[in-house]
Amino acid sequence: SVLGSCSMLLFFYAIAHLPLPTAITLQNTSPLFLMLIGMFWLHVMPGRSQALAIGIGFIGVVLLLRPTLAGEQWFVGMLGLLSGLAAAAAQYNIHELGKAGEPEWRIVFYFSLVSGLFALVWMLLRLEWPVPLTLKNTALLLGLALFATAGQYCLTRAFRKGKSLVVASLSYLTVAITSLYGVIFWGDVLPLTSYVAMGLIALAG
């Protein structure tokens, strides 16, 4: 819960201070870090096909998002990279909790509790008080809470029950699906390279 909360707060900080594609790319290094955790911490070497899938998926993410990083943004970039590392460590812990018999709902409950406390402390320290609630932003917040909780539950179950590196490589699809949402809902126009990148991400999965 602490690792996941740190990852999330670092990711939000990176989003606020870096170009969005760069922040998302840095956060999507978590499958690479997960593979390194397996190699150096657990002494488990990934299969060639697993390593290739994760590598192809990451190339697809970089090609799709085309991240950029100015010289003065290196520190925030390192925080974004740290977000990916913390996410990988949290995913490893979820897998271990699954092996210990912990149910998904309890893992998600404690993660939500701890991350809520982290966010509250962050808000109080920065003296940033919430915007007054209106009908519109309340509906958006409730929708966000519903989909985020459902997504977190599914992700937790996947890492708890499945093979971590397989789940990690499939998680790259988030970037491709998000890009398609932009095309469908907001009329984004993507270059041909973006569709090639989505193909690579799907192939990795």
*Along the Cα-to-Cβ line of VAL196, 7 Å from the Cα, sits a label point; which residues in the stretch 167-181 have backbone N less than 18 Å from it?*
176
*Where a ≥ b ≥ c are the square roots of the eigenvalues of the C-alpha gyration tensor, would you call the stretch 1-88 rounded, which needs a/c under 1.5, or, failing that, prolate if a/b is larger than b/c, or oblate?*
oblate
*Length added when fully stretched, LEU203-LEU133, from 0.36 nm per residue minus Cα-Cα*: 20.9 nm
*Going by a ≥ b ≥ c, the root eigenvalues of the Cα gyration tensor, does the stretch 65-205 fall in the rounded group (a/c under 1.5), the prolate group (a/b larger than b/c) or the oblate group?*
rounded
*Excluding same-chain residues fewer than 8 positions from LYS99, which lysines have a Cα within less than 19 Å of its Cα?*
LYS161, LYS163
*Find how much the distance from ALA150 to LEU20 grows on full extension, using 0.36 nm per residue of separation minus their present alpha carbon separation; answer in nm with one decimal.*
44.4 nm
*How large, in percent, is the carbon and sulfur part of the accessible surface of the chain at a probe radius of 1.4 Å?*
75
*asked:* Over the chain, what is the relative contact order in percent, taking alpha-carbon pairs closer than 8 angstrom and at least six residues apart?
replied: 36
*Determine the shape class of the stretch 122-200: with a ≥ b ≥ c the square roots of the Cα gyration tensor eigenvalues, call it rounded for a/c under 1.5, and otherwise prolate if a/b is greater than b/c, oblate otherwise.*
oblate
*Compute the accessible area per residue over the stretch 36-97, keeping the other protein chains in place, probe 1.4 Å, unit Å².*
58
_Just to confirm my numbers, what's the Cα centroid distance between the stretch 145-205 and the stretch 1-26 in Å?_
17
*Would you calculate a helix-derived [θ] at 222 nm for the chain, using -39,500 (n - 2.57) for each DSSP H run of n ≥ 4 and dividing by the full residue count, to the nearest 500?*
-26500 deg cm²/dmol
*Which of ALA176, LEU141, CYS154 sits closest to the plus end of the dipole of the stretch 105-193, meaning its Cα is farthest towards the positive end, when Lys and Arg get +1 and Asp and Glu get -1 on the C-beta?*
CYS154
_Heavy atoms of TYR110 accessible to a 1.4 Å probe, total area in Å² rounded to 10_ = 120
*How large is the dipole of the chain about the Cα centre if only Lys and Arg carry +1 and Asp and Glu carry -1, each at its Cβ, rounded to the nearest 20 debye?*
380
*With all protein chains present and a 1.4 Å probe, how do VAL61, VAL121 order by accessible area, largest first?*
VAL121, VAL61
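The values are calculated or read from the model by the stated rules, or taken from the named source; none is laboratory data. Given the structure is predicted, the values throughout are model-derived calculations rather than measurements. Virtual Cβ from ideal backbone geometry, glycine too; neighbours counted across all protein chains shown. Accessible surface areas use protein heavy atoms only, side chains included; no ligands, DNA or RNA. Shrake-Rupley method; radii C 1.70, N 1.55, O 1.52, S 1.80 Å.
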